[in-house]
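Bear in mind that the values in this text are calculations on the coordinates, not laboratory data. What you see is a predicted model, and the numbers here were worked out from it, not measured in a lab. Virtual Cβ from ideal backbone geometry, glycine too; neighbours counted across all protein chains shown.
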Amino acid sequence: ERKHVVIYTDGACIGNPGPGGWAAVLLHAGRRREITGGRRWTTNNRMELLAAIEALKALKCPCQVVLHSDST
């Protein structure tokens, strides 16, 4: 059976474009992992998407994922 992972993501930037950052929190079986990153010149949409992409890349095996984002 695949692991069940819940992921919360967010991304933002100052100006659009401008410097930005992203973060994700991965939760599994009572464990929590936080990952972050940023870019010097980017857009808010890129950071929102990059948070989700990097969170999925951080998974070490195939998992059942529920991903939460505030991005529309």
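Which residues make up the longest stretch of the chain clear of trypsin sites (Lys or Arg not before Pro) that lie in a DSSP loop with no more than 16 other Cβ atoms within 10 Å, not counting the sites?
3-59
Could you work out how far helix 44-57 tilts from the main Cα principal axis of the chain, as a 0 to 90 degree angle to the nearest 10?
In the chain, helix 44-57 runs at an angle near 30 degrees to the longest axis.
If you compute percent of Cα pairs over 15 Å apart for the structure shown, which of (i) 55; (ii) 50; (iii) 46 do you land on?
Here the calculated entry is (ii).
Write down the percent of antiparallel bridges among all DSSP beta bridges whose residues are both part of the chain, to the nearest 5.
Of the beta bridges lying entirely in the chain, close to 70 percent run antiparallel.
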